[in-house]
Amino acid sequence: MLVNLDAVLNPARKEGYAVGAFNVYSLETASAVYRAALECRAPVIFAFGERYIDVANIKVIASMVRTMARDTDIPMVLHLDHCKDLSVIYRAVAAGFTSVMFDGSHLSFEDNVAGTRRVVEFAHSVGVTVEAELGSVPFDAAGVEVPEEYLTKSEEAARFVQATGIDALAVAVGTAHGEYKGKPKIYHERLAQIASLVPLPLVLHGGSGIPDEDVIKAIGAGIAKINVNTQISSAAVKSLREIMGRQKPGALADVMKEVEDVMTSEVTGFIRLFLRNKTM
Ligand code: 13P
């Protein structure tokens, strides 16, 4: 069943679990997410990022995911991940996406509010939900601790949510995109402060490589959506390397199926972790 973010995230925040948002840009990545959701009988978010616009046709991705979601009663969201370009947001909505992320985290507070409001006005008029980001979750800065000035400020978060009418807020609380070189420092106190002022579902980007106990604690504090990409992609590439090292790697169809199985089991692991402390 295809739904928007509200349908899966509002119960998640209330009942103390998180829904995984996994990047999809091919049949295999989408099938892996779909199969994992069926196996866990849990809602899931298919996330196609603006950065994949030249990797896979957005309309084909949309029809593929919509076809998968139609075949089950499990709630599934087709979400546009990290998008700065309004024209891509319009294209995604026209293609049938049920949710979008406007990423104005590089803008000033005022410009982020203005851009996000514009997206909310348009998206809500057609039943599409909106995620936005405040503070900055760094890309490729995972070798060092995320400096405090990058973090989301709780008072600003409350004002931002009021001013924009968004459905979910991505917060910067110490995670980063990509592979961590050491153990990431998660600013749990900051997250708790934000959650005490913002009743909306909160989103954690950079979900790969965070210790389980930090993930569980963050979900307990109000994180209802966790974005994961790198760990699944790395597992797939590692598996490909191993297959290619064999004397007879086999036909491409079988190779891709084996890689898809590896991704399915990675995604399943994340979904189970995110559901661990579900209260109802
Ligand atoms: P990772 O690639 O670090 O798992 O982050 C994914 C993400 O946040 C996508 O928006």
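In summary, the aspartates and glutamates within cross-link reach of residue 153, defined as a Cα separation below 12 angstrom excluding same-chain residues under 8 places away, comprise 133, 189.
Residue exposure proxy: 177, 106, ordered by other Cβ atoms within 10 angstrom of their Cβ from fewest to most, comes out as 106, 177. Sites listed here are chymotrypsin sites (Phe, Trp or Tyr not before Pro) in the stretch 138-226 whose DSSP assignment is loop and whose Cβ has at most 15 other Cβ atoms within 10 Å, and the list is empty.
Remark: for residue pairs 183/217; 14/181; 59/217; 181/278, the C-alpha separation exceeds 27 Å in 14/181; 59/217; 181/278.
Does anyone have the angle between helix 212-221 and the longest principal axis of the chain? Alpha-carbon axes, 0 to 90°, nearest 10? The helix 212-221 is inclined about 40 degrees to the chain. Between the helical axis of 58-70 and the longest alpha-carbon principal axis of the chain there is an angle of about 80 degrees. The phi-based Karplus calculation (6.51 cos²θ - 1.76 cosθ + 1.60; θ = phi - 60°) puts the 3J(HN,Hα) values of the stretch 90-103 at 4, 5, 5, 5, 5, 7, x, 5, 9, 7, 9, 10, 8, 9 Hz, whole numbers, x for Gly and Pro. Scaled to the compact-protein estimate 2.2 N^0.38 Å, what is the alpha-carbon radius of gyration of the stretch 6-131, rounded to two decimal places? The value comes to 1.05. Shown here is the pair-distance distribution of the stretch 140-280: with all Cα-Cα distances grouped in 10 Å bins from zero up to the longest one, the shares run 11, 35, 29, 16, 8, 2, 0 percent.
Pair-distance distribution P(r) for the chain, from all Cα-Cα distances in 10 Å bins starting at 0: 7, 30, 38, 20, 4, 1, 0 percent. Helix 188-197 versus the longest principal axis of the chain: what angle, 0 to 90°, nearest 10, using Cα atoms? It works out to around 60 degrees. Ordering 45, 232 from the fewest to the most neighbouring beta carbons within 10 Å gives 232, 45.
By the count of other C-beta atoms within 10 Å, a proxy for reagent exposure, 202, 107 are ordered fewest to most as 107, 202. Residues whose amide H lies under 5 Å from that of residue 103, counting only those 5 or more places away or on a different chain, are 83, 84; hydrogens are built 1.01 Å from N in the peptide plane. Scanning residues 5 or more positions from residue 26 or on other chains, none has an amide H under 5 Å from its amide H, with H placed 1.01 Å from N in the peptide plane. For the chain, the mean residue ellipticity at 222 nm estimated from helices alone is -15500 deg cm²/dmol, where every DSSP H run of n ≥ 4 contributes -39500 (n - 2.57) and the total is divided by all residues, rounded to the nearest 500. Ranked by the mean number of other Cβ atoms within 10 Å of their residues, highest first, the peptides 163-171, 116-124 fall in the order 163-171, 116-124. For the peptides 24-36, 86-98, 234-246, the ranking by packing is 24-36, 86-98, 234-246, with the highest mean count of neighbouring Cβ atoms within 10 Å listed first. Around the amide H of residue 19, modelled in the peptide plane, lie the amide H atoms of 225, 226, all under 5 Å away and 5 or more residues distant in sequence or on another chain.
Per-residue Karplus couplings for the stretch 73-83, computed as 6.51 cos²θ - 1.76 cosθ + 1.60 with θ equal to phi - 60°, are listed in order as 8, 6, x, 9, 10, 9, 10, 8, 8, 5, 10 Hz, Gly and Pro entered as x.
Computed over all pairs of different Cα atoms, the Kirkwood value for the hydrodynamic radius of the stretch 98-156 is 12.7 Å.
Laboratory data are not the source of any read-out in this text; all were calculated from the coordinates shown. Keep in mind that this is a model prediction, so the values were computed, not measured. Backbone-built Cβ (ideal geometry, glycine too); neighbour counts: all protein chains shown.
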